[in-house]
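The values are calculated or read from the model by the stated rules, or taken from the named source; none is laboratory data. Small disclaimer: the values here were computed from a predicted structure and weren't measured. Here the Cβ positions follow ideal geometry from the backbone for every residue, glycine too, while neighbour counts run over all protein chains shown.
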Amino acid sequence: MARAPFRRKSGAREANQLVRLAEGLASSKSRAEDVYWERELEAAVMLQLENNDEDAINRALDKAHDAPDATFDALADMVESLTESIMLDSEKGQQRVTLFCAPILVWGRNQIPAKKIPKQQLQDIAVQLSAHVFSSKAKIALADFMFAPDQLPHSYSQSRELLQNLGAAIRERTHLTIDPKTVEDAPDVVCDMRMIVGAFQVTEGEPFYAWQETTTPVEEARQNTLGIWRSQGGNAIKPLLVGFPHELTLPRSFFSACRDADMASRAYSIGASVQYLEAVTHVTPDKLTAVIGGCWGNGLEEYRIGFAIGEDDDVVHGCVWPLVSDEGDDTPVVEEIEALLRAANVGTIILLEEQLPLEFCDDCGAPHFPNREGEMLHAHLPEDAETGAVHLH
């Protein structure tokens, strides 16, 4: 998904300097010039991170949205890389320690668990990650908690603190213990993600991932790694999610893994929604109607898909397809959504041409979804639906 800066207050002169350096890097025309701007930007960002000055960083990210060229990406890349990866000195040379995430897409009729990972299962997951995802040179440590996205660190400094704690765990050849009392409650929703979080350590210059150690074309090697991880890693994770259909995505460095999972969750949520409705209403997909509507704020911001049974006007369920920065009404997003609905055997698919508002429920904050008449409605399951305590959004 598009990068979303952590929330902030302010910070002026330092923010302007960060934007200036990022703009220099984005507009550089040679590798030699790149090296200069990268060095200056790295030093400036590191100073703010070490001072825990998130105000300056986040203000700079806001300002960078309005700057020329790829200024925002240059700044965000640097902030993220310095947040999720640190260098440590050792007798064996400099060691790079990097925060990573192994996301899981999941849905269920009951509340999806977010919980402590038992010691044996944690070790099984670590073994599979070491054997199939990370390079033979990497050492890893895991946090012993399966996180929901809302339970992950909310700031760059918190992310960096988690990385440092995991780095200490690697040096002690153990895993990181998380006190469940320090973790906020996970939202109760039908379709969500769960995250296994850890860190890996390699000597600087050594490969990080298994696909870096092969001569196979890179993307093919990544897909091979993903297939093995879904098979072998899936067996290790399955006991944590008994009764909850799920799909593993590729473990990678923290921010990119979370973004990749966000992107994958858009398609996953459509199939999961159809399966969920069939499970709780016993209505087969061919009897469902899906209504696709573009919702506008400052331009087209997302598509919402409202599900109804047959020709009924009531919305029984819905899912949201947020747009990333380079998507709009002139990109083939709708065609992709329609293809996914057809693949799920949805009987009727309706595309609304009008611009719909970004409406939310005043009471619970849940998004409203379109019916076939273009009305934005709160989703309500039929009274006889066989569901647990799960919310629809």
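Number of residues in region 27-79 that are crowded, with 16+ Cβ neighbours inside 10 Å and farther than 21 Å from A12 by Cβ equals 5.
Within region 186-205, the residues that satisfy the criterion of being over 18 Å from the mean Cα position of the chain (by Cα) and modelled with pLDDT under 95 are E204, G205.
Looking only at residues of region 242-266 that are over 12 Å from the mean Cα position of the chain (by Cα) and in a loop (DSSP other than H, G, I, E, B), we find that the one that is farthest from W211 (Cα to Cα) is G243.
Every residue, every condition in (1) within 23 Å of N235 (Cβ to Cβ); (2) surrounded by 20 or more Cβ atoms within 10 Å (Cβ to Cβ); (3) outside the structural domain of F255 (by TED's automatic domain parsing); (4) in contact with a Cys (Cβ under 8 Å, 6 or more places away or on another chain), yes or no:
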residue	(1), (2), (3), (4)
P118	yes, no, no, no
D124	yes, no, no, no
A131	yes, no, no, no
L152	no, no, no, yes
S157	no, no, no, no
E161	no, no, no, no
R173	no, no, no, no
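Scanning region 94-140 for residues that are among the hydroxyl-bearing types (S, T, Y) and within 14 Å of G198 (Cβ to Cβ), we see that the one that is farthest from the chain's Cα centre (by Cα) is S130.
In the condition set (1) modelled with pLDDT of 95 or more; (2) outside the structural domain of Q158 (by TED's automatic domain parsing), G227 is compliant with all but (2). Would you check if there is a residue in region 328-340 being modelled with pLDDT of 95 or more, surrounded by 13 or more Cβ atoms within 10 Å (Cβ to Cβ), part of a loop (DSSP other than H, G, I, E, B) and out of contact with any helix residue (DSSP H, G or I) (no Cβ under 7 Å at 6 or more places or on another chain)? The answer is no; no qualifying residue exists.
Just to be sure, is E204 surrounded by fewer than 16 Cβ atoms within 10 Å (Cβ to Cβ) and either of a type outside the set (K, R) or in contact with a Ser or Thr (Cβ under 8 Å, 6 or more places away or on another chain) (or both)? Yes.
Of all residues in region 299-327, those that are more than 21 Å from G271 (Cα to Cα) and touching a residue at least 24 places away in the same chain (Cβ under 8 Å) have Cβ atoms under 7 Å from Cβ atoms of residues that are hydrophobic (A, V, I, L, M, F, W, C) and assigned to a loop (DSSP other than H, G, I, E, B), 6 or more apart or on another chain, in L300/L323; E301/L323; E301/L358; S325/A2. Within region 211-255, restricting attention to residues that are of a type in the set (S, T, Y) and in contact (Cβ under 8 Å) with a residue 12 or more places away in the chain, the residue that is nearest to C101 (Cα to Cα) is S253.
Considering region 12-39 alone, what residues qualify as being of a type in the set (D, E) and more than 21 Å from R160 (Cβ to Cβ)? Write out each step before concluding.
Narrowing region 12-39 to residues of a type in the set (D, E): 14, 23, 33-34, 38.
Scanning region 12-39 gives E23, E33, D34.
The lone criterion from (1) crowded, with 20+ Cβ neighbours inside 10 Å; (2) assigned to a strand (DSSP E or B) left unmet by A379 is number (2).
Among the residues of region 196-241, those identified as in a helix (DSSP H, G or I) and acidic (D, E) are E213, E219, E220. Note on region 350-363: residues that are more than 14 Å from W321 (Cβ to Cβ) and touching a residue at least 12 places away in the same chain (Cβ under 8 Å) total 6. So, in region 341-376, of the ones that are under 26 Å from the mean Cα position of the chain (by Cα) and in a loop (DSSP other than H, G, I, E, B), which residue ends up nearest to F244 (Cα to Cα)? Of everything passing the filter in region 341-376, A344 is nearest to F244 (Cα to Cα).
Kindly indicate which of I305, I270, I237 is more than 17 Å from the chain's Cα centre (by Cα), outside the structural domain of L162 (by TED's automatic domain parsing) and crowded, with 17+ Cβ neighbours inside 10 Å.
Values: I270 fails: more than 17 Å from the chain's Cα centre (by Cα); I237 fails: outside the structural domain of L162 (by TED's automatic domain parsing).
After applying the criteria, what remains is I305.
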